[in-house]
Each structure stands twice: as C-alpha cells, then as structure tokens.
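Asker: Following this message is one structure expressed as structure tokens.
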Amino acid sequence: MLPLHSKFFIMNIPKSSFPRIVIIGGGFAGIALAKKLSKQEVQVVLLDKHNYHTFQPLLYQVSTGGLEPDSIAYPIRKVLQDFPNFYFRLAKVSEIDTEKNTIQSNIGALKFDYLVVASGSKTNYFGNKSIEDNSMEMKTIPQSLNLRSLILENFEEALLTSDLNRRNALMSFVIVGAGPTGVELAGALAEIKKGILPKDYPDLDTRLAQINLVQSGDTILKTMSPNASKKAEDFLEQLGVNVWKNVRVTSYDGTTVTTDSDLTFESETVVWAAGVKGAAIKGLDAEQFVSRGNRILVNEFNQVKGIDNIFAIGDVAQMESESVPHGHPMMAQPAIQQGKLLGDNILKLLDKKPMTPFVYKDRGSMATIGRNKAVVDLPNFKFQGVFAWFVWMFVHLFSLVGFRNRTVVFINWVYNYIRFDREARLIIRPYKKKLKS
Ligand SMILES: Cc1cc2nc3c(=O)[nH]c(=O)nc-3n(C[C@H](O)[C@H](O)[C@H](O)COP(=O)(O)OP(=O)(O)OC[C@H]3O[C@@H](n4cnc5c(N)ncnc54)[C@H](O)[C@@H]3O)c2cc1C
C-alpha cells in the first residue's frame, strides 16, 4: 500500500481549514446531502464509481427502447459545479478504515473528518448462483442497455431459426419479482409485443411471444394498497401478461427456468427483479450490519452504530424503530429526505447543537403498467387508471435531474403517446449472454 502523503493518494484535493466531509455515492441520497452542504463552511468530497447520477425509476424505459440512456443520467459535476469547496472524484471506494478515518479507493486513499456512506443497493440473488450467472439485472444504465440489446437480438434470432422450441424461448420473457420494477417492465414488454413487434417483424408470428411475471407471494405490488395491487393485476392481464403468483423460481440454466411447483419456463431472457441488498463497503464491523439485507445499522440521526463521525443514508442504511422494525423502504424518498436532514444535522454537529432525529414523511407510491394505466397511493387518496398515469408521468418528469433531461423525456413521451412508438430500439452495444453454469 502506498503512503497516504503520496501526491497521488490525496486525489489532488487541497488541504482546507474547513472540516472535510467525504460522501460515497452520488445517488438520490448523496446528491441531496451534497446540495445541502454546498454553500457551507465545509469541504465536500463526493466519490462515485460513475460520473453521472442515475434516475433508476426509469431504467425499465431504457431497457424497452422508450427512452435513450442519456435522458435519465445526469453528470454529477454539473449538479454541483457552481458550489465552492466541492470536489468530485470518479472513484470506486473499496474499504473504510474507521481507526484512521480514511477510505481506500481505486484512485487512492483519502482522509475524512466525517464520512457518509450513500452507496445505495445492489441486486440480491439470495445466494442462488445459477440465477445470478444467467439472468439479467436492471440496476444501472449499462445493465439496462444490455437488456435492451438482448431483447432485440433475441427477436432477430427468432426470425432466423427454424427450431420452434428455440424460437419460442427467444420470444419468451420471465420477470421474477412483481414489485414496481417487475410490474413496469412486464407492462412495457407487453406494449412492445402489441404495438411494435407486429410492425417490425411482420414475417414472425409475434403473437407467440410470452411475458411471464412470477411472484413468490400471493400479491403483486405488495407494498401498495390492496386496490392498487388488484387493479395492477387487472391491467397486466388486459395487456396479456401471464401473472404467476405463489410461484418461487428456484434455478435458471440459461434456457430453462425451474420453480418450486411443476411449472417451468423455456426462456432466453430472465430478468431478476426479486430483491436488493445494501451496497455496503468493507471495513465496518459485523454488528454494524443487518445480515439479511446487508444494510448498515444507523441510529435516528443516520449515525453508524457506535461511530460518531460515520453516517449512512439511503438504501444502504437501515434505521430501525418500533414503527419500521426492518428500516425504511429502499426508495428514492427516504434517501432524499435522509440526505437533506443529514446536511442540516452535520452543520448542527459542527456547531455543537443537538441533531434532529429523522422522521420519514411518506408521500405515497405509484407504478405504471402501461399507456393510460397506472396505480397511485397517496396518503389520503388512492386512485388508478388514466388520471393516475398522468400523475405518474408528471411526478417522474419533475423528479428528473436537469432541465434538458426533463425536456427530452417529455418530448419522447408525447411522441411515443401520439405515435404508439418506442424509437430507441437500437442494438448499439451488442450483448452476448455468457453462460457460466
Ligand atoms: C429499476 C429500479 C426502479 C426503481 N423505481 C423506483 C420508484 O419508482 N420509486 C422509488 O422511490 N424508488 C425506486 N427505485 C429505488 C430507488 O432508485 C432507490 O431507492 C434510490 O436510488 C436509493 O438512493 P441512494 O442514494 O441510496 O442510492 P443510489 O441512487 O443507488 O446511488 C448510489 C450511488 O453510489 C454509487 N456507488 C455505489 N457503490 C460505490 C462504491 N463502492 N464507490 C463509489 N460509488 C459507489 C453508485 O454508483 C450510485 O451512484 C428503483 C430502483 C430500481 C433499480
């Protein structure tokens, strides 16, 4: 290991008389925090392995050709370019040294006065190697582009093969997990099947394409109201999606999906949307973690258990209380709210004032199933259908970072609505499934 005082290892960040706050992750939580701290008497260093912020709720639209990837990504440097004392470094953090108050990354080590882990979450396969090796995930833009390429490549191959079983497997999709991601992806694929495939592949019987949504429990969208869940299922059925409930996928060898029932699927495209776990970083002690979801245990101020100057926020943090024994949902709102409050709390800490405990304000949840089909649960008002779909679009549009992205997405959506189209169905970066097991 190279010494800390080596020029390379200080990441070209000047010494400052202000306390240095290092934030790992420029997602919803990290950006909200950095913005809060940006005009204060602190030095903020934001580290992220990507140089852009990803708006994950719209990844499924990238996978299904509805949006270009650039319209849901935003350069982190641009978000904070006008703020003094702010430094961004493109770096993948590998370890935290809680004794030396240092982080290690692929571009070196850095000392901190305060550290905030905002590294989000990653796909959880619950130890199932065959599924991990052979299925697709959709947590990042590159992964969404892989999925987009695979879907389109499969149709190109289906057109050419004379093997009927293979053709069916190429045109069959299995989405595991009927949370918002699984439901939205299934709905989008069903719309492609109905509106686009017959025009793009007139010489292929695209009616044979199957979209299967598999859920281990007995409800879809289980975090939403029973009405929303029921209506979403109706919408999916109207679109021709096969919804399989109380079925647990047990393995996938790249072609055959097996389940805990007699049901099997032959499919070349399986998307795993059945679980996430905290993207925690090495260096914290075992008792600072919740083993099941790999999230970091924090107190009501987002302070990591037993350490005063290290915090965790967003998906990676688990703040347990009587009302939320398993922590807050891994969603954008808790991440943003925790980021904002922690900004205030760090300033209070520096002023030696008492910090404010975090209280989550649940603003509701929503999911879209397709054109004119969405479900919205607000705290005092629950509705479904066309109005819900417009509300969904409005909320997502205004949650995007950057005026350009909002404009581009708006124009795309209007165009897609009028033309019944999804023009970003391009194989720009061919993807080949690697069969590892
Ligand atoms: C497909 C999909 C759909 C979703 N839909 C919704 C929705 O409709 N509504 C909703 O509320 N939520 C939704 N979510 C969840 C929501 O996106 C997350 O809850 C939210 O992004 C959490 O914010 P975060 O800041 O904790 O993490 P993230 O936004 O994931 O940000 C984490 C950041 O940390 C960086 N990072 C990770 N590890 C390292 C490392 N070692 N070194 C450096 N950088 C690192 C990553 O590059 C990333 O930029 C969805 C998620 C997905 C994947």
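The values are calculated or read from the model by the stated rules, or taken from the named source; none is laboratory data. Note that the structure is a prediction, hence the values are computed from the model and not measured. Here the Cβ is made from the backbone with ideal geometry for all residues, glycine too, and neighbour counts use every protein chain on show.
Asker: Answer yes or no: is there a residue in region 37-56 that is modelled with pLDDT of 95 or more, hydroxyl-bearing (Ser, Thr, Tyr) and buried (at least 21 other Cβ atoms within 10 Å of the Cβ).
Answerer: Yes.
Asker: When region 293-316 is examined, which residues are found to be over 15 Å from residue 30 (Cβ atoms), in a loop (DSSP other than H, G, I, E, B) and within 15 Å of the ligand (Cβ to nearest atom)?
Answerer: 293, 294
Asker: Sticking with this one: Checking the structure you have, find out if any residue of region 20-33 is surrounded by fewer than 24 Cβ atoms within 10 Å (Cβ to Cβ), touching a residue at least 60 places away in the same chain (Cβ under 8 Å) and under 20 Å from residue 315 (Cβ atoms).
Answerer: The initial filter retains those residues of region 20-33 that are surrounded by fewer than 24 Cβ atoms within 10 Å (Cβ to Cβ), namely 20, 32.
After this cut, where a residue has to be touching a residue at least 60 places away in the same chain (Cβ under 8 Å) as well, the list is 20, 32.
Cutting the leftovers down to under 20 Å from residue 315 (Cβ atoms) gives us 32.
Yes, there is a match, as at least one residue in region 20-33 is surrounded by fewer than 24 Cβ atoms within 10 Å (Cβ to Cβ), touching a residue at least 60 places away in the same chain (Cβ under 8 Å) and under 20 Å from residue 315 (Cβ atoms).
Asker: When residues of region 110-138 are filtered for being surrounded by fewer than 16 Cβ atoms within 10 Å (Cβ to Cβ) and within 14 Å of the ligand (Cβ to nearest atom), how many remain?
Answerer: 0
Asker: Filter the strands (runs of 3 or more DSSP E) completely within region 130-244 down to those with at least 3 residues that are without any contact (Cβ under 8 Å) to a residue 40 or more places away in the chain and outside the structural domain of residue 326 (by TED's automatic domain parsing).
Answerer: Qualifying strands (runs of 3 or more DSSP E): none found.
Asker: For region 279-292, give me each residue that is more than 19 Å from residue 25 (Cα to Cα) and out of contact with any Leu (no Cβ under 9 Å at 6 or more places or on another chain).
Answerer: 285, 286, 291, 292
Here's the yes/no breakdown for (1) at pLDDT below 95; (2) in a loop (DSSP other than H, G, I, E, B); (3) closer than 22 Å to residue 122 by Cα; (4) away from the ligand (no atom under 14 Å from the Cβ):
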| position | (1), (2), (3), (4) |
| --- | --- |
| 348 | no, no, no, yes |
| 368 | no, no, no, no |
| 388 | no, no, no, no |
| 393 | no, no, no, no |
| 421 | yes, yes, no, yes |
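Asker: Given the conditions (1) farther than 17 Å from residue 11 by Cα; (2) of a type outside the set (Ser, Thr, Tyr); (3) outside any strand (DSSP E or B), report the number of the one that residue 122 does not fulfil.
Answerer: (3)
Asker: Please indicate, with yes or no, whether at least one residue in region 356-363 is β-branched (Val, Ile, Thr), over 16 Å from residue 55 (Cβ atoms), touching a helix residue (DSSP H, G or I) at 6+ places or on another chain (Cβ under 8 Å) and in contact (Cβ under 8 Å) with a residue 12 or more places away in the chain.
Answerer: Looking for residues that are β-branched (Val, Ile, Thr), over 16 Å from residue 55 (Cβ atoms), touching a helix residue (DSSP H, G or I) at 6+ places or on another chain (Cβ under 8 Å) and in contact (Cβ under 8 Å) with a residue 12 or more places away in the chain, one finds at least one in region 356-363, hence yes.
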